[in-house]
1. In sequence order, what are the phi-derived ³J(HN,Hα) couplings for segment 69-76 according to the Karplus relation 6.51 cos²θ - 1.76 cosθ + 1.60 with θ = phi - 60°, rounded to whole Hz, with x for glycine and proline?
2. At a 10 Å Cβ-Cβ cut-off, how would you order Lys99, Lys108, fewest neighbours first?
3. May I ask you to order 42-54, 160-172 by the average number of other C-beta atoms within 10 Å around their residues, highest value first?
4. Magnitude of the Cβ-charge dipole of segment 128-193, K/R +1 and D/E -1, about the Cα centre, nearest 20 debye?
5. How large is ³J(HN,Hα), in whole Hz, for each residue of segment 91-104 in order, when computed from phi with the Karplus curve 6.51 cos²θ - 1.76 cosθ + 1.60 and θ = phi - 60°, using x for Gly and Pro?
6. Sort segment 128-193 into rounded, prolate or oblate with this rule: let a ≥ b ≥ c be the square roots of the eigenvalues of the Cα gyration tensor; rounded if a/c is under 1.5, and if a/c is not under 1.5, prolate when a/b is larger than b/c, oblate otherwise.
7. Could you rank the peptides 123-136, 56-69 by their average count of other C-beta atoms within 10 Å per residue, with the highest value first?
8. Give, in nm to one decimal, the length gained when the segment between Ser150 and Glu79 is fully stretched (0.36 nm per residue of separation minus the Cα-Cα distance).
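Nothing in this text is a laboratory measurement; each read-out follows from the coordinates by a stated rule. Please read these numbers as outputs of a predicted model, since none were measured by experiment. Cβ sites come from the backbone with ideal geometry, for glycine too, and all protein chains shown count toward neighbours.
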Amino acid sequence: MKLQFRQAVLCLAVLVVIGTAVVPAAAQFTSNTRPARPDVTLPAGPARDVILRSCTACHGIDEYGYYALDHAGWDEIIERMKTTSSGVVQGAVIADADKAILLDWLVKQFGPESTPFPREYVPRILTEADFLVDDGAEAILAGTCEACHSLDRVQEARANEEQWRSLLLAMIGRGAALPLSDVEPLVEWLARTRGTNPTN
């Protein structure tokens, strides 16, 4: 009787261990959520003015959350922005006094002691309701992409699903006002209509 009881307890313990390992793994495949991007709030005061004047013409501020840099690291990024053309402007224009204000805020908020947001994107699973018709997709493109470039670039491009996804995420990183909820439906539509083997 004691032996049967021990075996039953042992079997139950094994089932509990297996169950705790299997449920999270299964949840990864059934979950339709993905990690969000960092949510960085514009500061008040002079730093806000500098960001709006010198940074947001080319990119959003959520990107800052991906970094944890010291003064020299942030300074290097700002200097690089001053010489990088975005297609909208030739490079960031920022006065030395404004740069000092921005650097102070960046190091305070996203310095070496901060924890950078993980660079991870998990594509969500689409349902039938998510699939875009041409008019819907073209409206999203017109409302999002034309702020920085003509739609000819999109119309003439051909790419596979992963390439379109990478491009859209890169554009969001540069400030495109495309909600993450629209990324996968747009990726599917672009791959279907502007893919390496488009259907129309």
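1. With coefficients 6.51, -1.76 and 1.60, one gets 10, 7, 4, 5, x, 5, 4, 4 Hz.
2. On the way: Lys99 18, Lys108 11.
Fewest-to-most ranking of Lys99, Lys108: Lys108, Lys99.
3. Numbers: 42-54: 15.2, 160-172: 16.8.
Taking the mean over residues of other Cβ atoms within 10 Å, the ranking is 160-172, 42-54.
4. Working: 5 positive and 13 negative charges, 73 e Å.
Computed charge dipole of segment 128-193: roughly 340 debye.
5. x, 5, 10, 8, 6, 4, 5, 5, 4, 4, 4, 5, 4, 4
6. Numbers: a/c = 1.24, a/b = 1.22, b/c = 1.02.
Note, shape of segment 128-193 comes out rounded.
7. Working: 123-136: 11.6, 56-69: 16.9.
Highest to lowest by the protection proxy: 56-69, 123-136.
8. Working: separation 71, 0.36 × 71 = 25.56 nm, distance 2.81 nm.
Net length gain for the segment: 22.8 nm.
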